[in-house]
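S.K.: I'd like to ask some things about the structure below.
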Amino acid sequence: MRNISDIIEKYLKSIMHESPEGTIEIQRNDLADKFSCVPSQINYVISTRFTLEKGYLVESKRGGGGYVRIRKIELPGPTSLHTHLHQTIGNEIGQAAAEGLIYQLVEARIITEREANLMRSVTSREVLALKLPYRDEIRARIMKAMLISLLVK
């Protein structure tokens with residue numbers, strides 16, 4: 001059985017997919033009522049599953065008429081994807097940012113889940129058992145090399 005966070009994430013992504021603008025606006029309390037959970041559970045899902053690294057922009061307004069607006073940020077087209085990746089990765093990249101980028105590439109169907117798993121495993125801090133900043137520099141080099149190999153047709 002899936003946990004409540006997975007169910008809420010799936011629901012939000014499904015209504016976002018149906019939105020012509022790729023943007024949804026929700027109210028935490030209404031969503032919490034729908035899933036019979038506390039509003040902090042909704043906050044948790046949004047703050048962990050809809051991050052900028054994963055390709056989402058989240059805006060919120062608190063108060064009586066408050067809302068949470070989630071917008072999917074699309075990756076650039078193929079012509080500028082290489083530049084985008086080079087700028088995103090740079091000379092060093094932390095594990096969370098690398099995982100977020102990998103997530104975006106899978107969501108955009110640029111790489112497969114299998115390729116993503118391989119990338120996650122070789123760029124993990126457990127495998128790159130070096131001190132910072134060397135670990136982030138090596139991770140960036142590995143990410144760039146893997147992406148060049150995967151994206152070159």
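Throughout, read-outs are computed from the coordinates displayed, never taken from laboratory work. Just so it is clear, the model here is predicted, and its values are computed rather than measured. Neighbour counts run over all protein chains shown; Cβ positions are idealised from the backbone, glycine included.
S.K.: To the nearest 20 debye, what charge dipole does the chain have about its Cα centre, counting +1 at the Cβ of each Lys and Arg and -1 at the Cβ of each Asp and Glu?
M.R.: 200 debye
S.K.: Right, here's the next one. Tell me which of Gly55, Met16, Asn3 sits at the most positive position along the dipole axis of the range 1-74, charges placed on C-beta atoms (Lys, Arg +1; Asp, Glu -1).
M.R.: Asn3
S.K.: Which residue, Glu126, Glu107, Glu53, tops the fluctuation ranking in a GNM of the chain built on C-alpha contacts under 10 Å?
M.R.: Glu126
S.K.: From the phi angles alone, apply the Karplus equation (6.51, -1.76, 1.60; θ = phi - 60°) to the range 130-146 and give each ³J(HN,Hα) in whole Hz, x where the residue is Gly or Pro.
M.R.: 10, 7, 5, x, 4, 4, 5, 5, 5, 4, 5, 5, 5, 4, 4, 5, 5
S.K.: Here is a further query. Say we join alpha carbon atoms closer than 10 Å with springs in a Gaussian network model of the chain; which of Ala129, Ala32, Ala97 then has the biggest fluctuation?
M.R.: Ala129
S.K.: Can you find, among Leu101, Val45, Val68, the residue sitting farthest towards the positive end of the charge dipole of the chain, where Lys and Arg contribute +1 and Asp and Glu -1 at Cβ?
M.R.: Leu101
S.K.: Multiply the residue separation of Glu18 and Ser47 by 0.36 nm, subtract the distance between their alpha-carbon atoms, and state the gained length in nm to one decimal.
M.R.: 8.3 nm
S.K.: So, by mean Cβ neighbours within 10 angstrom, what's the order for 134-140, 15-21, 108-114, 119-125 with the highest one leading?
M.R.: Most protected by this proxy first, the peptides run 134-140, 119-125, 108-114, 15-21.
S.K.: Enumerate the lysines that Lys144 could reach by cross-link, defined here as Cα to Cα under 25 Å, with residues fewer than 8 away along the same chain left out.
M.R.: Lys54, Lys72, Lys131, Lys153
S.K.: Using Cα atoms only, what is the angle between the long axis of helix 4-18 and the major principal axis of the chain, expressed in degrees (0 to 90) to the nearest 10?
M.R.: 90 degrees
S.K.: Cross-link partners among aspartates and glutamates for Lys34, C-alpha distance below 19 Å, same-chain residues fewer than 8 apart left out?
M.R.: Qualifying aspartates and glutamates at Cα under 19 Å: Asp6, Glu9, Glu18, Glu25.
S.K.: Skipping prolines and chain starts, which residues have an amide H placed within reach, meaning under 5 Å, of the one on Tyr56, given they are 5 or more residues away or on another chain?
M.R.: Amide H neighbours of Tyr56: Thr51, Ile73.
S.K.: Once fully extended, how much extra length lies between Arg2 and Tyr134, figured as 0.36 nm per residue of separation less the alpha-carbon to alpha-carbon distance?
M.R.: Full-extension gain reported as 43.7 nm.
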